[in-house]
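What follows is a short report on a single structure.
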Amino acid sequence: MNTALIKFTIPLFTLIFFLSTSSSFAQIPTRVPTKAQAGQLNACQARERAVKKQMSQLLGMATNMMEVFDRISNKVQDYYNDTVLPSGTLVPNYTTLVNNIVTEKSQVQDALNLAQRDINNLSCDNNTQRVFALFRTHMQTVKNELKQYRAAINDLIVAVHSTTPTVTP
């Protein structure tokens, strides 16, 4: 029985020795993606492109709304400076209202930048659910900031309109 154990032990130790010293056996082989994994990656990348497109369109719509609000604000300010001031009528809190508009616009822009960053961070490599949740939260912030920006512009319009004398034909 001792000879059988020796005959089995010597080749085993020899095999272990060669495996531990050989550089080709010591390295862990790299995993080559299978066709199924490559297909899953392609599908994920296709979904990523589609979702990024939808997110970008939503962000573009919010940016367009901000630009429209900005044009309205500029028209009201031009009307005040060109028509109301020369007539001798003043809005007492005009500078405060304009500063509110500027503040709200910067807050909308900050929220849009955060949402754009979320779009850029979306990829198949990281946790997409977390990025979706962040994007949703940031777009809700954009929506609320746009509402406040619109309200600030509306406050300016009401203030300018209330000081403008009505013309009767």
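What follows draws every value from the coordinates through simple rules; no lab data is involved. What you see is a predicted model; the values in this text were computed from it and never measured. Every residue, glycine among them, receives a Cβ derived from its backbone with ideal geometry; neighbour counts consider all protein chains shown.
Of note:
- Proximal charge balance of Arg150 [Cβ under 12 Å; K/R count +1, D/E count -1]: -1
- All other residues whose Cβ lies under 14 angstrom from that of Ser56 are scored, Lys and Arg at +1 and Asp and Glu at -1, for a net of +2.
- Residues whose placed amide H lies under 5 Å from that of Val91, excluding near-sequence neighbours: none
- Put the Cα centre of segment 65-123 next to the Cα centre of segment 34-54 and the gap is 40 Å.
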